[in-house]
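Let me begin by presenting the structure, written as structure tokens, before commenting on it.
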Amino acid sequence: MKIIDAHVHFSKIKSFQDTAESISRLTYTYEGLLKEWEDFNVVGAVAMGVTETGPNRFPDNESNTPMGLNLANSIPPNMGYCPGINPYKLQKEHIQCLESEIQKQNVVGIKVYLGYYPFYAYDEVYSPVYRLAAKYNLPVVFHTGDTYSERGLLKYSHPLTLDEVAVFNRDVTFVMAHFGDPWVLDGAEVVYKNKNMYADLSGLIVGTNHEINRHKKTRFLQHLLHALDYCDHYEKLMFGTDWPLITVGTYLSFIKEIIPKDYHQAVFHDTALKVFPRLQVLLSD
């Protein structure tokens, strides 16, 4: 089966590099990513633009909008990306730069980092972003749930706050990254209720296969399995790894176990092409 990874990172973020070396035990390089893709038939991916102006500064209030990808001098040709938004840098000149950026062929969406910046999804500061998303038919991906930095503020990343955005922006497709974990039941309700809300299943476990096996022996996964059943819309969910927080193969095996086989084609491939229509164009070239 062909795989699309709907949530990866490809930026020089020190915490990502440290995790790759000490926790997920993978090679966080252009070549390392391509090797994993080759091994597990990953034919396309969506990378989330993010930058930091100095080591361990993410979330970085000084990063410019749009934030891009800077792990290597180039990105794989089958990788689309979502420019990242710094809400402190959304003045007129930044909006103009963002509009110019999102007209590039490999831009498939826009990424908003809830929790990392102290603004709710429905705050007025993001209105220009949603207008651009509607104008160019691009989805907006929200970070939701736990933040990878202890400097994050969790109330801003709770998935229930996305309901208002979905209701008042019906002409925009939204993606709830990480399914709102650990508030996945709330996240499931928002996806279930709103036809324009989807979710990716990235970042639910960080580490190696040992971590997954350890969690299987406890009640750790019960909240997730409950939420998946409650949502009852597997066709609105997408596979994503949050690479480099875990290897592609390890996470692929895990998600295959918790998604009914009848929905594998949708979750691991087809839904990503529906949510990110420009990705389909990019992969067909």
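The values are calculated or read from the model by the stated rules, or taken from the named source; none is laboratory data. Values in this document were obtained by computation on a predicted structure and should not be read as measured data. All Cβ positions, glycine included, derive from the backbone under ideal geometry; neighbour counts span all protein chains shown.
No other residue among 193, 155 is of a type in the set (Lys, Arg) and either in contact with a strand residue (DSSP E or B) (Cβ under 9 Å, 6 or more places away or on another chain) or closer than 24 Å to residue 228 by Cβ (or both) apart from 193.
Only residues that are surrounded by fewer than 21 Cβ atoms within 10 Å (Cβ to Cβ), without any contact (Cβ under 8 Å) to a residue 60 or more places away in the chain, over 25 Å from residue 127 (Cα atoms) and out of contact with any helix residue (DSSP H, G or I) (no Cβ under 6 Å at 6 or more places or on another chain) were counted across region 182-220, and they come to 11.
Of the residues making up region 1-60, those that are closer than 14 Å to residue 116 by Cβ and either surrounded by 15 or more Cβ atoms within 10 Å (Cβ to Cβ) or among the aliphatic types (A, V, I, L, M) (or both) number 14. Criterion applied to 227, 266 was being within 21 Å of residue 41 (Cα to Cα) and hydrophobic (A, V, I, L, M, F, W, C), and the one residue passing it is 266.
In a residue-by-residue description of region 156-174, the property of being assigned to a helix (DSSP H, G or I), closer than 20 Å to residue 16 by Cβ and modelled with pLDDT of 95 or more applies to at least one position. Using the structure shown, decide if residue 89 is farther than 16 Å from residue 240 by Cα, of a type in the set (Lys, Arg) and not in a helix (DSSP H, G or I). Taking the combined requirement at face value, the residue satisfies it.
The residue of region 100-152 that is surrounded by the most Cβ atoms within 10 Å (Cβ to Cβ), among those that are over 16 Å from residue 81 (Cβ atoms) and free of Cβ contacts under 8 Å to residues at least 12 places away in the same chain, is 131. The residues of region 26-78 that are in contact with a Lys or Arg (Cβ under 6 Å, 6 or more places away or on another chain), within 21 Å of residue 147 (Cβ to Cβ) and not in a loop (DSSP other than H, G, I, E, B) amount to a single one, 48.
Quick check on region 96-104. Is at least one of its residues of a type in the set (Asp, Glu), over 16 Å from the mean Cα position of the chain (by Cα) and part of a loop (DSSP other than H, G, I, E, B)? Checked against the condition, which is being of a type in the set (Asp, Glu), over 16 Å from the mean Cα position of the chain (by Cα) and part of a loop (DSSP other than H, G, I, E, B), region 96-104 yields no hits at all.
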